[in-house]
1. How many Å² of accessible area per residue for the stretch 86-333, probe 1.4 Å?
2. Checking the cross-link filter: which lysines have an alpha carbon closer than 24 Å to that of Lys149, excluding same-chain neighbours under 8 positions apart?
3. What accessible surface, in Å², does a 1.4 Å probe find on Thr251, ignoring ligands, DNA and RNA and rounding to the nearest 10?
4. How many angstrom lie between the C-alpha centres of the stretch 93-135 and the stretch 205-223?
5. Work out how much length Ile181 to Ser129 would gain on full extension: take 0.36 nm times their residue separation and subtract the Cα-Cα distance, in nm to one decimal.
6. Expressed as a whole percentage, what fraction of the accessible surface of the stretch 86-333 belongs to carbon and sulfur atoms when a 1.4 Å probe is rolled over the protein heavy atoms?
7. Please compute P(r) over all alpha-carbon pairs of the stretch 86-333, binned at 5 Å starting from zero, and give each bin as a whole-number percent.
8. Along the Cα-to-C-beta direction of Phe153, a point sits 7 Å from the Cα; which residues of the stretch 225-250 have their amide N less than 17 Å from that point?
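The values are calculated or read from the model by the stated rules, or taken from the named source; none is laboratory data. Just so it is clear, the model here is predicted, and its values are computed rather than measured. In this analysis, Cβ positions are derived from the backbone assuming ideal geometry, glycine residues included, and neighbour counts consider all displayed protein chains. Each accessible area value is taken on the protein alone, full model and side chains, heavy atoms only, with ligands, DNA and RNA left out. Shrake-Rupley method; radii C 1.70, N 1.55, O 1.52, S 1.80 Å.
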Amino acid sequence: MAQACCVAMISAGAMAAPRAAAAGVRGSAPASSCTLSFSGLRRVDVLSHGERLSGFSAVQHELSLCNGSANASRGIVTMVGTGKFFVGGNWKANGNKESVKKLVQELNDAKLEEDVDVVVAPPYIYLDSVLNTLTKRIEVSAQNSWVGKGGAFTGEISAEQLKDLGVEWVILGHSERRHVIGEKNEFIGKKAAYALSNGLKVMACVGELLEEREAGKTTEVVFEQLKAYADEVPSWKDVVIAYEPVWAIGTGKVASPQQAQEVHAEIRKWISDNVSAEASSQTRIIYGGSVNAANSSELAKQEDIDGFLVGGASLKGPDFAAICNSVTSKKVAA
Ligand code: PGA
């Protein structure tokens, strides 16, 4: 992946994942070096050496030139946030033993870029077999967890049990849990806090219904959902926010890159205003809703899109790998 570009590198550390680290995946490089392995990516339109970048203003960064031929008037790729690109695959209630085995094989065979954290979320009943057969390059998530300590809660799975199995992540607040099962903001916030307190990392989903968007209530709804998390979680260090407009999930109707970017920027600002500037720059904000191998590159180019949560397209190994590798579109000069 040759590139002649400037790379602005944040000096704060990356959120290195243990399984990924064990598999030899590199984290962020020292700020003073020039490297293709990095964490936190931002695109800017014009940059002169030493000039302030157009990314999130609270973030301090250093600038280093990869290559003397970099043209200051070109659009370039920069790194402003500290979060590494992140792609999650949500398998939902799909598959059987045979298809899960095939998908794991495809993922084990896939060539994944280094600069992306990759996590898959199989159904509960396949977690153990996936953990035992999937490459350690890819981390494993549950799709839900109980709100508190395990016990007499028929049909539920506790955070402690997930940890016991070796699961590292959990998806919470997914729109299907909110709108099909009826989970409420406050309950979801408590689930997130409990999962975090047991050492799970959380993909915290938010997103508006079509009628809420049409009524001009997108940010109001999303901010309420964010507040419910913020009211409960003591730290955002192990949280990735997934913005998933409900009208885009499983519909084939993807949000335009501009629509997604607009909400992602609002979310980042909300975190800055209501949590901290540090959390705002470090928290990955990923987009979900009909992401596929054909549309992920354009979405990935957006300044505040730090990755994806993928449903349908995560069931095909090669397509999912292509989505993970759309991280490269952040690296290519415009
Ligand atoms: P989709 O689902 O990619 O099939 O739209 C996304 C999700 O529900 O996380």
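1. 40 Å²
2. Within reach: Lys92, Lys163, Lys184, Lys190, Lys191, Lys201, Lys227, Lys237.
3. So the heavy atoms of Thr251 present about 80 Å² to solvent.
4. If we compute the Cα centre of each part, the gap is 32 Å.
5. So the chain would gain 16.0 nm between Ile181 and Ser129.
6. On the way: 5100 of 10030 Å².
Roughly 51 percent, rounded to a whole number.
7. 1, 7, 15, 19, 21, 18, 12, 6, 2, 0, 0, 0
8. 229, 232-233, by backbone N distance to the label point.
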